[in-house]
Amino acid sequence: MESILLTIDELRQSFRVVDVIDILLVSAFLYASMLWFQQTASRGVLVGLAALAWVYFLARSLDMYLTSLAFHTTFAVLLFILVVVFQEDLRRLLERMASFRSVHFEHDGRRSIPVDDLIEVVFRMASTKTGALIVLKRKESLERQLNGGIALGGRFSIPLIYSIFDSSSPGHDGAIVIDRDRIEQYAAHLPISPHTGKIGGRGTRHSAALGLSERSDAVTIVVSEERGSVCVTQAGTLTEIPGPADLKQFLENSFASVLPDSRQPLWKQILVDHAGLKLLSFVVAIAAWFVLAYDPNTVQRTFIVPLEYRNVAKQLEIDTSAPTECRVTLSGSDRDFRFLDPASLKVSLDLADAQAGYHEFLLSAQNIRLPANLFPYRIDPRVVQLKMNVKLPEPKPPEASATAP
């Protein structure tokens, strides 16, 4: 019990506000990374990465030198492998980070998706077995994923949808791209998915819809020309929708921040959405801080530090016998020394009030600018002795003698 209380006391003394911010930032990064891995087609690799991370933390905590050395030497190779495996996903991640536009922001007078009209036209076409491919754009750009396509920019309407997917229309085999209440393109071609097993014997439209969902965050609605069924694809999954109510529920869940009636309060989005994943990220960040950053042991390290004299009066100069450096022993945790640049250390003496003659100055922590949680343990010499001399007037250059012409 006494050891536990001692550990808590050490933690309380060494824990800083900066550490809280540090843990929260790492938690946010881990949450975003885990959420991203969940949405990638290669998310099975996440299990292997988690296992490697667990082995590395175990090796660090138990001082397993050989295992830690193996991780350090192979880190560059592992990083290269990850870039190759996730090159498409990393490109998507960077594009998402570079894009600050969100579909639920209303600008230029544009409204959100007309859900009821969209559901009505989808199931009308399903009843007549009219094939259709409808892409609902979300946050990510689709420019790299679409081939062909004709710009339209027309306001969403049921007659317009019918005319585009009419079998006599030249672009009825392609897809339309809807951004809020606008049909941005029609007759667009989508990337075909290589995972034919997920299609379940369905046609090319379903394969194209699945392929787009594997490469972007878009939602795609497919109306089958052969079966008269309605399917949706999102995040690499294809789901058949039985009826209009099911499609409306799906769209409300997928576009919760877009549809005014289904928007959640901000506090609920922060605390409730993916609560389990957020809690896991926070726990992992705390564990990583204890393993990698927390170090209650205090160590001392000595540095040779230059001695700087400031604010010397113009009529005075420092005698050449004055010391130009001193030895400073600093105290702190090994973690704090990692962020210390020895070249930045400097001992400064303010000589603004110094007069001509001999002086003694006592050096203290006020004479050294140090990072947080590092303290001067010893300064040698503790007392600096120096002499201030009055500057001699500079000799005037000899005047040139005049010569007779």
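Miscellaneous remarks
- Of the set (1) over 41 Å from the mean Cα position of the chain (by Cα); (2) touching a residue at least 40 places away in the same chain (Cβ under 8 Å), all apply to residue 335 but (1).
- Any hit, the range 116-136, residues being touching a strand residue (DSSP E or B) at 6+ places or on another chain (Cβ under 8 Å), modelled with pLDDT under 90 and surrounded by fewer than 19 Cβ atoms within 10 Å (Cβ to Cβ): no
- Top-ranked residue of the range 144-192 - restricted to ones that are of a type in the set (D, E, K, R) and not in a strand (DSSP E or B), ranked as farthest from residue 218 (Cα to Cα): 166
- Picking from residues in the range 296-337 that are closer than 20 Å to residue 381 by Cβ, among the charged types (D, E, K, R) and part of a strand (DSSP E or B), the one that is least open to solvent (accessible area, probe 1.4 Å) is 308.
- Some residue of the range 152-160 being open to solvent by 60 Å² or more (accessible area, probe 1.4 Å) and under 30 Å from the mean Cα position of the chain (by Cα): no
- Considering the range 338-376, the residues that are of a type in the set (D, E, K, R) and exposed (fewer than 10 other Cβ atoms within 10 Å of the Cβ) include one that is farthest from the chain's Cα centre (by Cα), namely 360.
The values are calculated or read from the model by the stated rules, or taken from the named source; none is laboratory data. It should be emphasised that the depicted structure is a prediction, and the values quoted were computed from it without experimental measurement. In this analysis, Cβ positions are derived from the backbone assuming ideal geometry, glycine residues included, and neighbour counts consider all displayed protein chains. Remember, those area values only see protein heavy atoms, side chains included, never the ligands or the DNA or RNA. Shrake-Rupley method; radii C 1.70, N 1.55, O 1.52, S 1.80 Å.
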